[in-house]
Amino acid sequence: MKSINFQRNKSLIRVVNEPTKKVKKRNWDKLIYSVLLITLLCFLSFYLINKGFFVHAQGQVLIDETHIRLTDDVRLLEYKTKEGDEVCAGDTLFAYAFDLDNNHSATTSFGTDGSFSLNASGGEDMWWYKESYNLKKKISLNNIDIEKDNILIKSYQKEIKRLTNEVILDVLPKTRLEYAQNEILRLNTENEKLAAENRELNSLLGTLHPFNNKAKVSVNKVGGKIDSKAAYSILKGATLSNFSGEILSERKFFRTPIDGIVTKINTHQYETALKSEEIMTIHKRFPTSVKAFFEQEDLRYFKEGDVFTITFPDGTVSQGVLKRFFIATYHMPEEFQKKYESTTRAIAADIYPINAEDADKWRSFHKMSVEITKFKYN
């Protein structure tokens, strides 16, 4: 019986395995490191070029402005302009009037013929009363000093005899006795000086008196009565305010002394404008300038006549020419000075626009901060 074997001979067909393809993996760490390194190098290059080849300064856009203020308290009656209006020198800005009740003291004396005398002396005429009070106050203070010195003189005089005996017995040094004698002499001299000053003040006191500013006017009686307010109005051309009951002077007008633009009105119609308050602000159309603050170490890199590049807060870029330096150094403005740093003193200069077109751009950035740059070596 034959054995059966199906694999007596080796197969002639061979299987060749295909080589496995290697997938290349990206090295993300190396890529990120390269990007960061390139970014850092670019930043350092930009910083070194910017710091080494350019002058940098901070500045503030300024427009010449005039603050309108009166020398007395007034009632504003009517505005002839509003914010944003352009005005020329001589244009009327507003109408106003003084309050005669407060600024003038009026006393009337009536006659049998229907006339009266009105004392129209102003409130400013009360200076003599204030001066009189000050002189009397000074005299009183001097008298207090004299009385105090007399008490000290009596005290020293009581000690003189005791001090003399103790000096003779060598209990006290002679200088102690001399000190008391010198103090008595000094206090007597001081009293004589104060007494002479009081005599002079009393003589000046006798020369003070109010001015005689009386005005006389005749009016007709209405119903047997004369209204003193109406009489004051006749005398001064004043009117009686309907809403406040004040006696107001005749209407006066304030005219602008310069050409410009009304940018701010602080007091409204019918309000009272105190002499310490600004009524409105007028900005001139020209000139517009940038107040620049340069670091002291950059002084050798620029001069008058140099052209600077100015970058505004909205990204607008313009050019200006440096017209003048200021002699003294200036404290940096608060917005440019870091609070935790010591006070920085900078070189101040004025930069003006090159042409009218640039000046028009600058006007809309009043009091805003700008960046100022210039190439150092040109």
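The values are calculated or read from the model by the stated rules, or taken from the named source; none is laboratory data. What you see is a predicted model, and the numbers here were worked out from it, not measured in a lab. Quick note on the areas: whole protein, heavy atoms, side chains included, nothing else; ligands and nucleic acids left out. Shrake-Rupley method; radii C 1.70, N 1.55, O 1.52, S 1.80 Å.
Side notes on the structure shown:
- Taking 24 Å as the limit for the C-alpha separation, the pairs LYS51/LYS367; LYS137/LYS158; LYS82/LYS291; LYS323/LYS374 exceed it in the case of LYS51/LYS367; LYS137/LYS158; LYS82/LYS291.
- To put it simply, the accessible area of segment 259-315 at a 1.4 Å probe is 49 percent carbon and sulfur.
- Accessible solvent surface per residue of segment 258-323, calculated while the other protein chains remain in place, 1.4 angstrom probe, Å²: 51 Å²
- Of the accessible area of segment 46-91, computed with a 1.4 Å probe over protein heavy atoms only, carbon and sulfur atoms account for 54 percent.
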